[in-house]
Amino acid sequence: MIEFKNLHKRFGKLTVLDGLDLSIKEGGIFAILGPNGSGKTTLIKCLLGMVIPQKGAITYNNKSVLRKWDYRNDLNYLPQIANFPPNLTVIELIQMVKNLRPKESNEQVLIDLFGLNDSLQKKLGTLSGGTKQKVNIVLTFMFDSHLIILDEPTNGLDPIALIHLKELIQKEKAKGKTILITTHIMSFVNEVADEIVFILDGNIYFKGSIEDLKKQTKNDNLEHAIANLISKQYA
Amino acid sequence: MLKILKYSFYDLMRSRWSYVYFIFYLLLGFVLLFLNNDVSKAVITLMNIIIVLTPLIGTIFGVMYYYNSKEFTELLLAQPINRSKIFMGQYLGISLSLTLSLVLGLGIPFMAYGLFKSAAIFDFSLLLVVGSFLNFIFVALSYNIALSTENKIKGFGYAILMWLFFAVIYDGIFLISLVMFDEYPLDKFSLIATMFNPIDLSRILILLKLDISALLGYTGAIFRKFFGTNIGMLLSMSILVMWVILPVIRMNLKLRKKDF
């Protein structure tokens with residue numbers, strides 16, 4: 001479904017992606033992991049067309065995505081930091097995003113689920129970080145798209161919202177969607193991910209299921225297995 | 001693009017600063033007209049204020065809006081919309097809301113004064129047109145600076161420097177070079193030098209219209225001598241248009257390669 005070929009990206013002198021190859025097939029939850037600054041977000045942003053790679057190709061459903069924009073109608077993206085225009089109200093923002101995408105949306109179900117009904121008329125500037133993240137999640141999940149990309153989705157969420165988010169992710173997976181998640185919270189990965197993509201120094205260092213990873217590193221605990229992967233590289 | 005424009009515009013129209021800006025012009029208009037009683041003097045005073053203030057406010061609003069809405073712009077970039085449409089929408093949203101503050105803020109006191117019947121209506125509308133141009137020009141310039149500068153503080157600094165350069169430093173250099181080279185024919189030089197500064201250009205545009213250009217300085221006199229009032233007006237207007245178009249083109253070129 002998604003194909004990255006020989007992807008290179010440099011920011012000035014800093015090489016972030018160094019000839020990365022990755023293919024992701026349709027359906028399932030993929031956790032993109034790696035230490036800070038390993039290129040997770042850059043990889044995702046390349047796919048979204050926000051970062052333009054120096055070299056390489058990215059295809060989505062066998063069509064190149066570089067310098068295109070219409071393919072984004074078939075993907076939902078949850079950005080890492082939720083920061084919205086402070087003078088718009090929540091409902092206006094939702095209407096605006098709906099307005100920008102010619103697609104069916106089911107925002108009311110999600111608003112009920114996350115208990116946002118009381119906040120709809122509030123200005124976005126007055127909301128707390130967690131509530132903003134909930135709005136962010138509503139905006140991401142209200143459209144029916146084949147690909148969902150979540151960048152640190154658990155940021156600032158309370159336990160109840162976190163449970164709802166996990167349910168939501170499982171529900172989307174059951175519909176056969178492809179979900180990419182980046183996170184640093186290993187228990188979350190352990191719970192939801194089908195496959196792990198581990199990025200280190202701008203390249204894929206490991207790709208496979210959680211079981212494979214545990215077997216390869218001879219470690220029963222995912223957190224330690226990942227730590228093992230990182231330290232092996234540094235050793 | 002229109003949708004983005006609409007929301008940027010609403011967002012700004014609801015911010016406190018748009019009101020402060022609007023009320024400032026409203027007060028200024030009332031005070032100058034009703035305490036002065038001489039319309040042409042009021043227009044000149046207004047000109048002096050508008051020519052310095054609109055570029056400053058345009059510059060500050062431009063950089064501020066860009067950096068403040070950065071994360072939101074990233075959300076928009078992930079939507080199925082063309083990049084340049086997002087930024088053009090934002091750019092027009094800021095410029096239009098500032099222009100609205102200016103036009104309404106000064107227009108209301110002038111209407112209350114009953115200027116629709118007087119001959120000064122042309123001078124006054126020219127003032128508003130030039131002010132609007134300056135808004136569009138300086139928001140475009142500051143957006144260019146913000147797009148090219150990742151660091152917020154640096155971007156802000158460069159933008160203020162840019163304004164300072166056009167509003168103060170440029171004139172200083174210009175005057176010094178006139179004094180230094182006063183043994184040479186400087187007509188063409190001063191004419192061309194004026195075109196490279198939108199603030200100077202706007203000033204001359206208004207002075208030409210007010211028919212006092214010969215009294216009010218060297219460049220004004222040259223403009224009048226060379227072009228006569230109508231052609232001079234047309235030329236300066238088209239150069240102002242270029243001052244909007246060129247930064248907008250540069251913005252679009254920059255956007256093609258920019259990473260977010």
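Bear in mind these aren't lab numbers, they're just calculated from the coordinates by the rules spelled out. On a predicted model such as this, the values are computed, not experimentally measured, just so you know. No Cβ is skipped: glycine too gets one built from the backbone with ideal geometry, and neighbour counts run over all protein chains shown.
At a Förster distance of 51 Å, what's the computed FRET efficiency of residue A:230 paired with residue B:160, Cβ-Cβ distance as r, to 0.05?
Plugging the Cβ-Cβ distance into 1/(1 + (r/R0)^6) gives 0.70.
Sorting B:241, A:192 on the 10 Å Cβ count, fewest up front, what's the list?
Going from sparsest to densest Cβ surroundings: B:241, A:192.
Rounded to the nearest 500, what is the 222 nm mean residue ellipticity of chain B from helices alone, with -39500 (n - 2.57) per DSSP H run of 4+ residues and division by all residues?
After summing the helix terms and dividing by the residues of chain B, the value is -28500 deg cm²/dmol.
Say we join alpha carbon atoms closer than 10 Å with springs in a Gaussian network model of chain A; which of A:11, A:30, A:198 then has the biggest fluctuation?
Greatest mean-square fluctuation among the candidates belongs to A:11.
Rounded to the nearest 500, what is the 222 nm mean residue ellipticity of chain A from helices alone, with -39500 (n - 2.57) per DSSP H run of 4+ residues and division by all residues?
-10500 deg cm²/dmol
Would you please name the chymotrypsin sites (Phe, Trp or Tyr not before Pro) within the range A:111-143 that are DSSP coil residues with at most 16 other C-beta atoms within 10 Å of their C-beta?
Sites meeting the loop and neighbour criteria: none at all.
Cross-link candidates for residue B:188: which lysines have Cα within less than 19 Å, leaving aside residues fewer than 8 places away along the same chain?
Of all the lysines, those that pass the test against residue B:188 - Cα under 19 Å, at least 8 places apart if same chain - are B:225.
Out of the range A:103-174, which GluC sites (Glu not before Pro) are coil in DSSP terms and have no more than 14 other C-beta atoms within 10 Å?
Counting only loop positions with at most 14 other Cβ atoms within 10 Å, the GluC sites (Glu not before Pro) in the range A:103-174 are A:104.
Could you work out the mean count of beta carbons from other protein chains within 10 Å of each residue's beta carbon in A:73-80?
3
Just to be sure I understand the model, the point goes 7 Å from the Cα along the line to the Cβ. What's the resulting residue A:15 to residue A:81 distance in nm?
Between residue A:15 and residue A:81, the label points sit 2.9 nm apart.
Can you tell me the orientation of helix B:16-36 relative to chain B, as the angle in degrees between its alpha-carbon axis and the longest Cα principal axis, to the nearest 10?
That works out to roughly 10 degrees.
What FRET efficiency comes out for the pair residue B:19/residue B:260, r = Cβ-Cβ distance, R0 = 35 Å, nearest 0.05?
Step by step, r from the Cβ atoms, then E = 0.65.
So if I restrict to the alpha-carbon atoms in the range B:31-123, what is the Rg, and what is Dmax, the biggest pairwise distance, in Å?
Reported Rg and Dmax, both Å: 18.3, 55.
Does a label point 7 Å from the Cα of residue A:158, set along Cα-to-beta-carbon, have any residues of the range A:133-150 with amide nitrogen under 20 Å, and which are they?
Within reach of a label on residue A:158, which here means backbone N under 20 Å from a point 7 Å along Cα→Cβ, the range A:133-150 contributes A:133-139.
Separation of the range B:14-37 and the range B:168-205 by C-alpha centroid, Å?
32 Å
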